[in-house]
Amino acid sequence: MRFHVSQELRQPVGTQVHYDVQEPSLFLDDDVTLVDLNGTVELLRTDMGLLATVTVACATRQQCSRCLAEIQHPLRLSFQEEYLPTLDVLTGAPMSLPDGTDNFRIDAVYVLNLDEALRQYKLMSEPLNPLCRPDCRGLCPRCGLNLNERSCKCPPQPDSRWEALAKLNSALDAGERS
């Protein structure tokens with residue numbers, strides 16, 4: 001999501017510009033796509049650049065962590081980031097970054113690109129283990145059948161961590177018989 005901001009950079013400090021945004025699909029990189037994105041972007045002129053306040057609702061395509069089904073997970077992203085210009089808008093002279101800043105940059109043609117900030121905030125807010133539904137039964141570990149669709153005929157697999165106790169129990173049962 002890009003905004004040409006040369007006019008905003010010429011405004012006095014404190015000037016605000018409001019944008020309503022709506023994108024059916026926004027590709028941020030090979031692995032990250034936001035769908036049905038809508039919300040607002042407000043740009044506030046600061047003494048150094050522009051403060052972007054972004055509030056959007058969207059969905060992202062993911063895989064269920066249990067059954068691997070494709071799902072669309074809803075997200076709400078809300079953040080503020082300051083964008084600093086690489087060139088002075090009035091003179092065209094290169095601008096230097098203050099020491100210790102990790103702000104996003106406005107490029108040499110005065111385009112403010114929100115894609116990287118959206119990608120980073122999306123990655124921070126998505127669930128670690130997305131589920132297609134809260135009671136997802138996952139895949140059978142033996143045959144790989146999706147247990148949400150139907151039950152498989154695989155016999156239950158004993159937990160190997162209990163084998164020593166099972167042997168001890170068998171030995172005790174055999175001792176009682178003698």
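Mind checking which residues of the range 77-110 are part of a strand (DSSP E or B) and among the hydroxyl-bearing types (S, T, Y)?
Let us first name the residues in the range 77-110 that are part of a strand (DSSP E or B), namely 77-85, 87, 94, 104-106.
Once the filter is applied, which keeps residues that are part of a strand (DSSP E or B) and among the hydroxyl-bearing types (S, T, Y), the range 77-110 yields S78, Y83.
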Would you check which residues across the range 120-142 are outside any strand (DSSP E or B), surrounded by 13 or more Cβ atoms within 10 Å (Cβ to Cβ) and either free of Cβ contacts under 8 Å to residues at least 12 places away in the same chain or of a type outside the set (D, E, K, R) (or both) and list them?
-> Q120, Y121, S125, P130, L131, C132, C136, G138, C140
Of the criteria (1) at pLDDT 95 or above; (2) more than 14 Å from the chain's Cα centre (by Cα), which one V56 fails | (2)
Odd one out for F79, checked against (1) more than 27 Å from R10 (Cβ to Cβ); (2) buried (at least 16 other Cβ atoms within 10 Å of the Cβ); (3) not acidic (D, E) = (1)
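Can you confirm whether N113 is surrounded by fewer than 12 Cβ atoms within 10 Å (Cβ to Cβ) and in contact with a Lys or Arg (Cβ under 9 Å, 6 or more places away or on another chain)? Outline the logic, then answer.
Details: surrounded by fewer than 12 Cβ atoms within 10 Å (Cβ to Cβ): no; in contact with a Lys or Arg (Cβ under 9 Å, 6 or more places away or on another chain): yes.
Answer is no for this residue.
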State whether one or more residues within the range 155-175 are within 20 Å of R66 (Cα to Cα), touching a Pro at 6+ places or on another chain (Cβ under 9 Å) and surrounded by 10 or more Cβ atoms within 10 Å (Cβ to Cβ).
-> no
When you scan the range 99-114, how many residues do you find that are at pLDDT below 90, farther than 15 Å from Q80 by Cβ and acidic (D, E)?
-> 1
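Before we move on, is S65 of a type in the set (S, T, Y) and farther than 20 Å from Y121 by Cβ? Spell out how you get there, then give the answer.
Numbers: of a type in the set (S, T, Y): yes; farther than 20 Å from Y121 by Cβ: yes.
When the stated conditions are applied, S65 passes them.
Restricting to the range 41-59, count the residues that are assigned to a loop (DSSP other than H, G, I, E, B) and surrounded by 12 or more Cβ atoms within 10 Å (Cβ to Cβ). It would help to see each step written out before you state the result.
Residues of the range 41-59 that are assigned to a loop (DSSP other than H, G, I, E, B), as a first pass: 46-49.
With surrounded by 12 or more Cβ atoms within 10 Å (Cβ to Cβ) added as a condition, the list becomes 46, 48-49.
The qualifying residues number 3.
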Of the residues in the range 1-40, those that are within 16 Å of the chain's Cα centre (by Cα), exposed (fewer than 15 other Cβ atoms within 10 Å of the Cβ) and not in a strand (DSSP E or B) number 3
Cβ pairs under 8 Å, 6+ apart, first in the range 79-103 and in contact (Cβ under 8 Å) with a residue 12 or more places away in the chain, second in a strand (DSSP E or B) and of a type in the set (S, T, N, Q) = F79/T53; Q80/T53
Which one of these is touching a helix residue (DSSP H, G or I) at 6+ places or on another chain (Cβ under 8 Å) and either charged (D, E, K, R) or modelled with pLDDT under 95 (or both): R10, R2, R66?
-> R2
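The values are calculated or read from the model by the stated rules, or taken from the named source; none is laboratory data. This one's a predicted model, so the numbers in the text were calculated from it and none came from an experiment. All Cβ positions, glycine included, derive from the backbone under ideal geometry; neighbour counts span all protein chains shown.
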